[in-house]
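Peer 1: Okay, handing you the structure first.
The values are calculated or read from the model by the stated rules, or taken from the named source; none is laboratory data. Because the structure is a prediction, the values reported are computed rather than measured. No Cβ is skipped: glycine too gets one built from the backbone with ideal geometry, and neighbour counts run over all protein chains shown. Remember, those area values only see protein heavy atoms, side chains included, never the ligands or the DNA or RNA. Shrake-Rupley method; radii C 1.70, N 1.55, O 1.52, S 1.80 Å.
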Amino acid sequence: MDFKKLNIVIFFFILFFPNQGFPQNQKKIDSLLYTVQTAGNDTIKIAALNSLSNEYSTCNLEKAMQYSKEGLSLALKINNKRKLSACYLNVGFIYRKQGNYPLALEYYQKSLRMDEELGNKKDIVTCYNHIGILQAEQENYSNSLDYFLKAMKLLDDLSKNCRKNKDIVSFKESMANCLLNLGNMKYKLGDLDSTLVYYNKSLALNEELGDKKNMAKCYNNIGNIYYLKNN
């Protein structure tokens, strides 16, 4: 049975990590550069440098790395652990985009250790997902699955203690995305029954959220899995 002939949507989501995957916006870049040049607060400069890196990550990886490293240097200088975590993650992301997987993992793990030290569970989820994607890109599907499962468990725990409607919606969106990632990995591992379970759970959450784009992805994947099971 040749899985490659089917149009299974393999799409990885980065949870709680803004500004990735969007086209370059020169007006925004100019504004961020102005902030870097004029801000008197180092934490504001670091945030702007990370945003610049994200903007360039879709079009100029050399510049993206330059701004990531500048942000990291400044975060090390002021010893701000929360900003250090964000910078480590950003540098790791650019290394991943460059195909340097060992260094990407090294920086992701630095970010994860910092988040664990800070007890920042949302950012731990983000790290798990980044590492899960990194493992998947290297076809280490079992390792990838383990990280997505860790992310899902933590998301479930966080959602149970959530009271604000806005945060509840955000967690449900993230859980729907994580379930789709889990289904993708089960598909890659050839476990079609588990794949359907995860895709249907993702579909149910996306229907609840009214997310038609991701509903379409789920419907596409579910239909193709049923095709595989019947042939």
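Peer 1: Counting Lys and Arg as +1 and Asp and Glu as -1, what is the net charge of the other residues whose Cβ lies under 10 Å from the Cβ of Leu154?
Peer 2: Numbers: positive: Lys121, Lys122, Lys150, Lys153; negative: Asp156, Asp157.
Once all neighbours under 10 Å are counted, the net charge is +2.
Peer 1: Same structure again: Okay, helix-only estimate at 222 nm for the chain: each DSSP H run of n ≥ 4 adds -39500 (n - 2.57), divide by all residues, round to 500 deg cm²/dmol; what do you get?
Peer 2: Details: 10 runs with 179 residues, N = 231.
Rounded to the nearest 500, the figure is -26000 deg cm²/dmol.
Peer 1: Mind checking the angle between helix 121-137 and the chain's longest principal axis? C-alpha axes, 0 to 90 degrees, to the nearest 10.
Peer 2: The angle comes out at about 60 degrees.
Peer 1: Please work out the FRET efficiency for the pair Ser142 and Gln109, using the Cβ-Cβ distance as r and a Förster radius of 22 Å; give the result to the nearest 0.05. All intermediate terms of the calculation are to be shown ahead of the outcome.
Peer 2: Details: r = 18 Å, r/R0 = 0.83.
Calculated value: 0.75.
Peer 1: With a 1.4 Å probe and every protein chain left in place, work out the accessible area per residue of the chain in Å², rounded to a whole number. The partial results should precede the final answer.
Peer 2: Numbers: 11730 Å² over 231 residues.
That works out to 51 Å² per residue.
Peer 1: Within the set of other residues whose C-beta is less than 11 Å from the C-beta of Lys83, count the net charge using Lys and Arg as +1 and Asp and Glu as -1.
Peer 2: Spelling it out: positives minus negatives among the neighbours equals +3.
Peer 1: Would you mind checking the pairs Lys69/Lys121; Lys150/Lys217; Lys97/Lys164; Lys153/Lys186; Lys97/Lys186; Lys186/Lys212 and listing those with alpha carbons more than 28 angstrom apart?
Peer 2: Numbers: Lys69/Lys121 25 Å; Lys150/Lys217 23 Å; Lys97/Lys164 35 Å; Lys153/Lys186 17 Å; Lys97/Lys186 24 Å; Lys186/Lys212 23 Å.
From Lys69/Lys121; Lys150/Lys217; Lys97/Lys164; Lys153/Lys186; Lys97/Lys186; Lys186/Lys212, over 28 Å: Lys97/Lys164.
Peer 1: Under 5 Å between amide hydrogens, which residues at least 5 positions from Ala39 or on another chain qualify, with H placed 1.01 Å from N in the peptide plane?
Peer 2: Those qualifying (amide H under 5 Å, at least 5 residues apart or on another chain) number zero.
Peer 1: Quick check: the distance between the Cα centres of region 108-170 and region 177-231, to the nearest angstrom?
Peer 2: 20
Peer 1: Given points 7 Å out from each Cα along the Cα-Cβ axis, report the Glu208 to Asp30 separation in nanometres with one decimal.
Peer 2: Using points 7 Å along Cα→Cβ, the separation is 4.5 nm.
Peer 1: Here's something else I'd like to know. Could you go through region 52-59 in sequence order and give the Karplus-derived ³J(HN,Hα) for each residue, using 6.51 cos²θ - 1.76 cosθ + 1.60 with θ = phi - 60°, rounded to whole Hz, and x for Gly and Pro?
Peer 2: Working through the residues one at a time gives 4, 4, 5, 5, 7, 5, 9, 9 Hz.
Peer 1: Right, next: Return, for the Cα atoms of the chain, the radius of gyration and Dmax in Å, separated by a comma.
Peer 2: My reading of the Cα-based Rg and Dmax gives 18.7, 64 Å.
Peer 1: Ignoring ligands, DNA and RNA, what percent of the 1.4 Å accessible area of region 99-231 is carbon and sulfur? Please report the intermediate quantities before stating the final value.
Peer 2: Numbers: 3070 of 6460 Å².
Solvent-exposed carbon and sulfur of region 99-231 make up 48 percent of the total.
Peer 1: Next question, about the same structure. For Leu189, what is the net charge nearby, where nearby means another residue's Cβ is under 14 Å from its Cβ and Lys, Arg count +1, Asp, Glu -1?
Peer 2: On the way: positive: Lys186, Lys188; negative: Glu139, Asp146, Asp191, Asp193.
Surrounding charge for Leu189 is -2.
Peer 1: Continuing with this model, one more query. Taking θ = phi - 60°, what integer Hz values does the Karplus form 6.51 cos²θ - 1.76 cosθ + 1.60 yield along region 26-34, in sequence order, with x for Gly and Pro?
Peer 2: For region 26-34, the Karplus curve yields 5, 4, 5, 4, 4, 5, 5, 4, 5 Hz.
Peer 1: Here is a follow-up. When all protein chains stay in place, what accessible area (Å², nearest 10, 1.4 Å probe) is found for Val197?
Peer 2: 70
Peer 1: Using R₀ = 41 Å, calculate the FRET efficiency as 1/(1 + (r/R₀)^6) where r is the Cβ-Cβ separation of Asp193 and Ser159; round to 0.05.
Peer 2: Values: r = 26 Å, r/R0 = 0.62.
For R0 = 41 Å, the calculated efficiency reads 0.95.
Peer 1: Give a quick list of trypsin sites (Lys or Arg not before Pro) in region 120-198 that DSSP marks as loop, anything other than H, G, I, E or B, with at most 11 other Cβ atoms within 10 Å. Each step should come with its number before you reach the end.
Peer 2: On the way: sites: Lys121, Lys122, Lys150, Lys153, Lys160, Arg163, Lys164, Lys166, Lys172, Lys186, Lys188; in loops: Arg163, Lys164.
Listed in order of number, the matching sites are Arg163, Lys164.
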